[in-house]
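Below is one structure; the comments refer to it alone.
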Amino acid sequence: MRLRLKIALLALLPLVASLLLIAVAVRQQERELLAREHAAVQRAYMDARRDELRHYVELAVSTLQPLYERTPGLAAQGSALDVERDKREALRLLSALDYGEDGYFFVYDLQGRVLMHSRQPELVGRDLWALRDAQGRPTIQQLIAQAKAGGGYVDYEWRKPSSGERAPKLGYVVAMDRWNWMLGTGLYLDGIRATLEQLDREAQANIARTMWGIAAIAVFGVALISVCALALNLSEHRQSEAKLRALAHEVVRSQEDERAHLSRELHDGVSQTLVSTKLLIESAQQAGSTALLPRALERLNASLTEVRDLSHRLRPALLDTLGLPAALEHLAGEFGDSGAMPVSMRVTGTPRELPELLNTVLFRVAQEALTNVAKHAGAARVEMSLEFGPAESPDSARGEPGGVLLRVLDDGAGFDPADAERAEREDPRRGIGLRNMRERMASVGGVLDLQASPGHGTQIEALMPAAAIRRLARDNPAP
């Protein structure tokens, strides 16, 4: 999986997971809120209906109160006919006290016989004492028992006049003992069910809108991250192409510079020596003398030495046979022997085998650093060191366990790195040595650190971390 895809997934997955968790939490909260709202609405509805029923019955009783209060006097006078007349008048008044299509009063005697039922007149005169509902509960017995206990509320089922179907009902009953009556009324409760179902529908609609909102946010977030990732990818792709083109141009320039250098070396050194040797041999041949042959042989030996030195500068044989420390020691000796400046070389830590590519890069960095010192520093002395860090301890190699550090330090004139970078930006042909060293180290995962100041010399450190060494060895196995 590519790094950019991993980064995109790391950005997308937490966002999607967070939005999913938010959606789950919101849905759970809305369900809990709906349950609390159900309970609150049902409680308020039932409280209001209970008060309403009690007020209806109190109104009916107050309407009948004048007739009911005369009963003890009439009974004492033996006027049973007048009592019955008052009861009939009371039933007539109650039948006229309807309130709505499904609101009415009913009257039973305390033995369960129907005395008045304005919505079901066919029940009048029937004995419903043994009537039971679908659950087997004795409906009339419950109503009469509650009335005898002082009055109160009873939940039961009864046929609803407006629909003709059985529905749950809340009744309120009282006993009128002087007349042997149970008086009551009731309200059907299917309305609360419709109200709660309407609340459920509205809550579900709110939940759906919330979920769609969260989904829209998720889609927008994913799209935004994808667009940003695409834009970043395109930008990095363009930058990478520009860097590759610049690197390709740099490689071409380096190749041309190297070829020009080889051409000059061959033309100015080896070629001229061979030409003078050829002239000496021809002169000896024409003169028939061997006196010039020793001089010709001396120049041939010089040419061989020059070719060998040129070959060594291109690719030292010691680097392949004895390793990096020996090649660096030979390089330091060459610079000292050339008379440019004395170079001391030391190796610290336990030398170990390094990838071939890393050996070449570090050698080229050392070679370029010494060349720059010889050309520009005016140094009296140069110190070069190669440090191998222990595998376990970070006490050396600049705090990198298992790392390798190449250091080149001179006591020359020094320079200002900021000025050098500014000059390099103004003229890319300047500072090519430092740029080459940085690019070489970056190509293998290393770091080049430059410390310099005018009048205080220059120090160059090429650090190769242990992780980069392992990765380089894995990607470039030894042949």
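The values are calculated or read from the model by the stated rules, or taken from the named source; none is laboratory data. These numbers were taken from a predicted model, which means no experiment stands behind them. Positions of Cβ are backbone-derived with ideal geometry, glycine not excepted, and every protein chain shown enters the neighbour counts. Only protein heavy atoms, including side chains, enter the accessible area calculation; ligands, DNA and RNA are left aside. Shrake-Rupley method; radii C 1.70, N 1.55, O 1.52, S 1.80 Å.
Summary table below
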quantity	calculated
Cut-off under 5 Å, modelled amide H: who pairs with Leu131 long-range	Ile140
For segment 81-86, Karplus couplings with θ = phi - 60° (6.51, -1.76, 1.60), whole Hz, Gly/Pro x	5, 5, 5, 5, 5, 5
FRET efficiency, Ala96 to Asp47 (Cβ-Cβ, R0 22 Å, nearest 0.05)	0.15
Dipole magnitude (debye, nearest 20) for segment 18-77, charges at Cβ of Lys, Arg, Asp, Glu	140 debye
Residues with amide H under 5 Å from that of Arg113, placed H, sequence gap 5 or more	Leu128
Kirkwood estimate for segment 87-150, i.e. one over the average of 1/r between Cα atoms, Å	12.6 Å
Rule-of-thumb Rg ratio for segment 18-93 [Cα; 2.2 N^0.38 Å; N residues]	2.36
Fraction of alpha-carbon pairs over 25 Å apart in segment 56-193 - percent	24 percent
Inter-label distance for Leu13 and Thr371, nm, one decimal - labels placed 7 Å from Cα along Cα-to-Cβ	4.8 nm
Spacing of the two label points (7 Å from each Cα toward its C-beta) at Thr321 and Asp190, in nm	11.0 nm
Ranked order, Arg438, Arg474 - accessible area, probe 1.4 Å, largest first	Arg474, Arg438
Per-residue SASA entry for Val114, accessible area with 1.4 Å probe, Å² rounded to 10	0 Å²
In Hz, Karplus ³J(HN,Hα) per residue of segment 166-178 (6.51, -1.76, 1.60; θ = phi - 60°; x = Gly, Pro)	6, 8, x, 9, 10, x, 10, 10, 9, 9, 10, 4, 5
Contour minus Cα-Cα distance for Ala80 and Asp449 (0.36 nm per residue)	120.3 nm
Largest to smallest principal axis extent of the C-alpha atoms in segment 130-181, angstrom	35, 24, 17
Ranked order, Leu370, Leu357, Leu12 - accessible area, probe 1.4 Å, largest first	Leu357, Leu12, Leu370
Full-extension gain in nm, Asp416 to Gln198, via 0.36 nm per residue minus C-alpha separation	70.4 nm
Largest to smallest accessible area among His117, His55 [probe 1.4 Å]	His55, His117
Surface accessible to a 1.4 Å probe, per residue, for the residues of segment 62-221, Å²	51 Å²
Under-5 Å amide H pairs with Met182, H placed in peptide plane, nonlocal only	Tyr108, Asp109, Leu110, Met176
Area accessible to solvent at Asp475, 1.4 Å probe radius, in Å²	100 Å²
Magnitude of the charge dipole, segment 125-176, Cβ model with Lys/Arg +1 and Asp/Glu -1, debye to 20	60 debye
Spacing of the two label points (7 Å from each Cα toward its C-beta) at Asp127 and Asn301, in nm	15.3 nm
